[in-house]
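Below is one structure, written out as structure tokens; the observations come after it.
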Amino acid sequence: MALEEESIVQTWLNGLKTLDVKTKKMFGCYCLYCDGQAVGWIHDSVLSLREVGLDYLPEDIKRPHQEDSIQELVIPLDYVSAEWLPRAVQDTADIRKRM
């Protein structure tokens with residue numbers, strides 16, 4: 001793993017340190033797991049969180065259209081310390097468990 005990649009992944013994990021999160025390198029990205037559920041990807045310094053209909057995210061987090069083949073929310077590194085981020089990751093895991 002390149003030092004820059006390692007640093008970015010660790011930065012995201014530090015922002016989620018209150019959660020049971022892990023990463024696994026896959027397809028040139030890092031799959032993010034929370035409570036054993038695949039909730040998104042870390043790549044190119046962004047977190048792509050699976051779309052599950054959370055209604056409390058900032059307006060500038062663009063939602064995919066229903067017809068888009070990739071249903072993920074692209075969250076820039078600027079939000080790594082956002083108060084809502086751990087809740088969003090945990091809620092995504094909880095919702096995916098029920099699917």
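Coordinate-derived values only; no laboratory data. Nothing here was measured: the structure is a model prediction, and the numbers come from that model. Neighbour counts run over all protein chains shown; Cβ positions are idealised from the backbone, glycine included.
Summary of values
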| item | result |
| --- | --- |
| By average C-beta atoms within 10 angstrom, highest first, the peptides 30-42, 5-17, 61-73 | 30-42, 5-17, 61-73 |
| Charge dipole (debye, nearest 20) of the chain; +1 at Cβ of Lys and Arg, -1 at Cβ of Asp and Glu | 440 debye |
| Residue-wise HN-Hα coupling along region 52-68, computed from phi with Karplus coefficients 6.51, -1.76, 1.60 (Hz; x: Gly, Pro) | 10, x, 5, 9, 10, 7, x, 4, 7, 7, 6, 8, x, 6, 4, 7, 5 |
| Estimated inter-spin distance, residue 14 and residue 26, nm [label 7 Å along Cα→Cβ] | 2.6 nm |
| Efficiency of FRET from Cβ geometry, residue 98 and residue 68, R₀ 22 Å, rounded to 0.05 | 0.45 |
| For the chain, diffusion coefficient by Stokes-Einstein and Kirkwood Rh (Cα), 20 °C, 1.002 mPa s, µm²/s | 157 µm²/s |
| The chain - mean residue ellipticity at 222 nm from DSSP helices (-39,500 (n - 2.57) per run, n ≥ 4, rounded to 500) | -8500 deg cm²/dmol |
| Residue-wise HN-Hα coupling along region 89-97, computed from phi with Karplus coefficients 6.51, -1.76, 1.60 (Hz; x: Gly, Pro) | 5, 5, 4, 4, 4, 5, 5, 5, 4 |
